[in-house]
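The values are calculated or read from the model by the stated rules, or taken from the named source; none is laboratory data. Bear in mind that the values here come from a model prediction, so they are computed numbers and not experimental data. Cβ atoms come from the backbone with ideal geometry, glycine included; neighbour counts cover every protein chain shown. When the accessible area is computed, the model is the full protein with side chains, heavy atoms only, and any ligands, DNA or RNA have been set aside. Shrake-Rupley method; radii C 1.70, N 1.55, O 1.52, S 1.80 Å.
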Amino acid sequence: MPSSALLLGSSKERLTILYQMLQGLSWNLTVAVRPEVMLQALNNSYEAIFCDEELKGATVIGIQKVLQQRSPQTPFYYFRDLQSNKPTRFVYPPTAVLPFPPLLTQLPKPDSFTDDPSAKKTEVPFEGNSSMIALIDVLHSMGMDKRSALIQLDKGKVGLIYVNRGLIEDALYFNENQRLKGLKALGRLIQLEDTPYRVMHYMVPGQLSVKLPVDTALTEASRIADEEQRYGRIMDEIKSVCPSIEAIAIGYPMASSPSQGIGDSAKIFSIAKALMEKSREVIKGRINEFFITTDATAYALIHLDEGNLLIASAPVRDRNLLQKALKFSEVASYA
């Protein structure tokens, strides 16, 4: 069994590096970033405490005072930049002051550590939680080192990310209502909070829905996720102005289906495309917005930023509210 240790600090980038190197030496790490989490974690017993000099809302003196009361015999290791000029005060001398970036040969090893290559390897090479070390930081680190892995979120129940030599090959996201793949799935996964993940040995994915360098994939996935959130707010705002809206669809005009929607979004999106195609034959130009009513239904369409269009429908009795709602969203989409 890996030996338990506590890793303290406030820089997620630095903690990611420390976590991966210490975990590789068979330390079973608990990571605490926020001061209240640190205080709670210090109530437990560990075989070692690792503390980074980057601390916010906490001090080394405060941490050592708590340790002095609860577990004074626990080894205390302090990581400090070699070029750092920050003055540091201790209640008692640390077991060792270690350099950052760390040197693998200087890192302490637990009693259970073995470097015998024939020794049985743990099934889970690396695991953590997005509330402690963000998944995006782990992926950035893997991209820099050109590593390969299969990342399981909540043991694969929430999602999967396949990384091969610094390329994200595939991403899958699951919840009760939908199954996403590609950059859209990746965008959802990197925004999850307080979600456990495991970095497993690489497996070949069933498809290549992404196949981009890590940094490029994360930039595009973040853009898509931000766009989704923004358009989600717009749809909520439209509904608040016209509660009787029956359906909303948002998507690229050339796409086969909408990227987001409410109600029967696929049907209303196909109506929007058909109306735009017919109007193009007659008017010889792109219609930027339109408003149409039938005996029972009112339809309103506008173009948003990023080349998307939005169409919504409501009972014809509420056509004025629908027009008002779409005019409001037209402004909101460019805010």
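Evaluate the following for Val241: is it among the aliphatic types (A, V, I, L, M), under 17 Å from Leu186 (Cβ atoms) and open to solvent by less than 50 Å² (accessible area, probe 1.4 Å)? Break it down into steps so the answer makes sense when it comes.
Numbers: among the aliphatic types (A, V, I, L, M): yes; under 17 Å from Leu186 (Cβ atoms): no; open to solvent by less than 50 Å² (accessible area, probe 1.4 Å): yes.
Taking the combined requirement at face value, the residue does not satisfy it.
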Worksheet item: When you scan region 1-31, how many residues do you find that are outside any helix (DSSP H, G or I) and surrounded by fewer than 21 Cβ atoms within 10 Å (Cβ to Cβ)?
Response: 11
Fill in: Cβ pairs under 6 Å, 6+ apart, first in region 22-33 and within 7 Å of Ala5 (Cα to Cα), second among the hydroxyl-bearing types (Ser, Thr, Tyr) and at pLDDT 90 or above
Asn28/Ser4
Practice prompt. Find all pairs meeting these conditions: Cβ atoms under 8 angstrom apart; at least six residues apart or on different chains; first residue within region 126-146 and among the charged types (D, E, K, R); second residue open to solvent by 20 Å² or more (accessible area, probe 1.4 Å).
Written response: Glu127/Pro196; Glu127/Arg198; Asp137/Lys12; Asp137/Glu13; Lys146/Arg165
Fill in: Which listed residue, of Asp137, Asp170, is part of a strand (DSSP E or B), acidic (Asp, Glu) and in contact with a Ser or Thr (Cβ under 8 Å, 6 or more places away or on another chain)
Asp170
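For residues that are more than 16 Å from Leu18 (Cβ to Cβ) and in contact with a Ser or Thr (Cβ under 8 Å, 6 or more places away or on another chain), scanning just region 59-73, find the one that is least open to solvent (accessible area, probe 1.4 Å).
My answer is Leu67.
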Worksheet item: Looking at region 160-178, which of the residues that are out of contact with any Phe, Trp or Tyr (no Cβ under 7 Å at 6 or more places or on another chain) and of a type in the set (D, E, K, R) is farthest from Glu228 (Cα to Cα)?
Response: Arg165
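Results for (1) closer than 17 Å to Gly261 by Cβ; (2) over 12 Å from the mean Cα position of the chain (by Cα); (3) assigned to a loop (DSSP other than H, G, I, E, B), shown as yes or no for each residue.
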position: Val204; (1), (2), (3): no, yes, yes
position: Gln207; (1), (2), (3): no, yes, yes
position: Ser222; (1), (2), (3): no, no, no
position: Arg230; (1), (2), (3): yes, yes, no
